[in-house]
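Here's the structure we're looking at; comments come further down.
The values are calculated or read from the model by the stated rules, or taken from the named source; none is laboratory data. Bear in mind that the values here come from a model prediction, so they are computed numbers and not experimental data. In this analysis, Cβ positions are derived from the backbone assuming ideal geometry, glycine residues included, and neighbour counts consider all displayed protein chains. All accessible areas refer to the heavy atoms of the entire protein, side chains included, with ligands and DNA or RNA removed. Shrake-Rupley method; radii C 1.70, N 1.55, O 1.52, S 1.80 Å.
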Amino acid sequence: MEKEKLRMKEYKKYEIIKELVDHKGNKNRASLQLGITVRQVNRLIKIYKEKGKSSFVHGNRGHIPTKALDKSISEDIILLYNNKYYDFNFCHFREFLKKEENITVSYKFIYTVLNNSGILSPRARRKTKKEFKKKQLLKGNQFENKTDSEIETIVNHEVALENSHPRKEKPKNFGELIEMDGSIHNWFGQSKSCLHLAVDRATNTIVGGYFDSQETLNGYYHLLNNILIDYGIPYKFLTDNRTVFNYMSLNPDKRTSEKDVLTQFGYACKQLGIALETTSVPEAKGLIERDNGTFQGRLVQEFRLYNIYTIEKANKYLNEVFIPNFNKRFASNYENFPTVFESSPSSDKINYTLAILTERTIDNGNAIKFKNKYYQPYENERIKCFVSKTKCLVIESFNHDLFVTIDDQIFELKELIRNAKYSVEFEEVPIIKERKKYIPPMSHPFKLKSFQTQMRKSHNEYKYA
């Protein structure tokens with residue numbers, strides 16, 4: 001006959017009743033020890049005399065509950081999570097099990113099944129991760145001889161790779177990787193402003209800086225302009241997941257070129273041949289984060305010392321005085337490193353590449369509304385007329401000149417003011433000779449179709465860290 005295995009509480013009850021029967025002890029004392037009545041003690045004595053030790057094993061031991069789920073459901077849940085829903089948190093996973101797979105189970109059941117199979121929720125907290133890892137270590141045979149304190153030390157000291165940021169080698173070449181970031185701080189005056197900063201990872205050289213009221217596309221365009229003029233075209237930018245670099249409206253029907261600003265800075269980088277990588281982890285671009293802190297600890301004091309309280313004076317002092325001194329003090333001499341910067345583009349190319357492109361439609365009055373003003377297309381000082389609802393692409397260059405692309409042709413845009421400046425009937429109209437504006441060639445990627453194609457595929461081409 002197989003020997004009965006009792007659990008701790010069952011074994012305690014068995015020992016007390018056995019002692020009571022063998023030595024005819026005090027039933028009142030036994031009832032106090034077990035926390036039951038004397039009547040219950042008499043019942044246990046009777047059962048023990050009839051069945052012996054096995055009478056103390058619970059009757060439901062080994063029986064499958066009537067409401068228990070089939071084991072195959074647990075296997076299906078594990079299989080679905082590993083192959084299809086591997087990045088879902090458990091609550092989200094439960095919703096989709098019911099919605100897509102027609103499996104209705106409780107959150108606790110999912111949590112238990114996945115945890116027992118060695119799967120932890122991606123949204124688990126640090127404390128939960130440590131406890132989970134401790135349980136996993138205890139299951140392994142290699143830790144069976146270790147004490148609890150030794151296992152606790154291993155759990156607390158070892159960090160998962162996805163939660164750690166190990167030191168990496170710096171790039172070999174100057175211009176191989178440029179880290180960019182914006183630091184909003186009370187740099188000068190009473191209100192906060194944003195310092196757009198760029199640093200070369202290989203040499204720690206600050207390659208550009210620009211102040212603006214907020215972290216904007218305009219600020220990063222000026223920063224890129226400074227880099228292109230002073231150093232040339234770098235190989236890659238590493239930035240954070242700001243809307244300037246990585247944004248798409250959640251509603252596809254409401255996506256516009258004004259709001260989908262990724263197509264502006266990203267489109268400019270594509271034309272210049274600059275790779276763009278974004279990350280949401282600050283430690284991935286620790287150099288620029290540390291430089292922001294150093295600037296906050298030095299630049300603010302110098303602004304106060306020299307009474308600099310405007311953006312114009314701040315940008316002049318930053319680029320002419322502070323950054324050269326900073327590079328001399330903290331950066332390596334970039335001339336001693338091989339460079340991958342390509343030669344600087346012409347001023348015209350920079351002007352028309354760092355442009356803001358916006359889709360518009362010509363109205364019934366042959367006008368285009370842009371920034372709450374109306375404009376009309378001109379060619380050689382003559383107005384050009386188009387059919388109503390004609391699609392076009394407004395080009396605002398870096399120096400704020402306005403052009404429009406219609407049917408693969410570029411035209412100048414002139415503002416249509418509400419009232420005429422002069423009256424032919426009542427005053428002499430002065431003769432004003434306007435300088436002929438340079439119209440960029442269509443060899444530049446200003447075609448509407450090219451822009452729309454890039455907008456559709458831009459998010460699939462970017463690399464996210």
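Here are the numbers:
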quantity: Answer residue from the stretch 400-412, given it is in a loop (DSSP other than H, G, I, E, B) and open to solvent by 70 Å² or more (accessible area, probe 1.4 Å) and is nearest to I356 (Cα to Cα) among those; calculated: H400
quantity: Selection from the stretch 177-210 of residues that are open to solvent by 20 Å² or more (accessible area, probe 1.4 Å) and not aromatic (F, W, Y); calculated: L177, I184, H185, N186, G189, Q190, S191, K192, R201, N204
quantity: Qualifying residues in the stretch 84-135 (those that are among the acidic types (D, E) and under 27 Å from the mean Cα position of the chain (by Cα)) - the one surrounded by the most Cβ atoms within 10 Å (Cβ to Cβ); calculated: E95
quantity: Answer residue from the stretch 341-380, given it is within 14 Å of I410 (Cα to Cα) and without any contact (Cβ under 8 Å) to a residue 40 or more places away in the chain and is least open to solvent (accessible area, probe 1.4 Å) among those; calculated: P377
quantity: Failed item in (1) part of a loop (DSSP other than H, G, I, E, B); (2) within 25 Å of the chain's Cα centre (by Cα), with N307 passing the rest; calculated: (2)
quantity: Among residues of the stretch 282-296, those that are out of contact with any Leu (no Cβ under 8 Å at 6 or more places or on another chain) and open to solvent by less than 50 Å² (accessible area, probe 1.4 Å), counted; calculated: 4
quantity: Subset of the stretch 16-66 (residues that are open to solvent by less than 50 Å² (accessible area, probe 1.4 Å), in contact (Cβ under 8 Å) with a residue 12 or more places away in the chain and not hydrophobic (A, V, I, L, M, F, W, C)); calculated: Y48, S54
quantity: Boolean, T279 is surrounded by 11 or more Cβ atoms within 10 Å (Cβ to Cβ) and modelled with pLDDT under 90; calculated: yes
quantity: The listed residue being farther than 19 Å from T216 by Cα and at pLDDT below 85, out of D230, D253; calculated: D253
quantity: Complete set of residues in the stretch 176-228 that are aromatic (F, W, Y) and part of a strand (DSSP E or B); calculated: Y210, F211
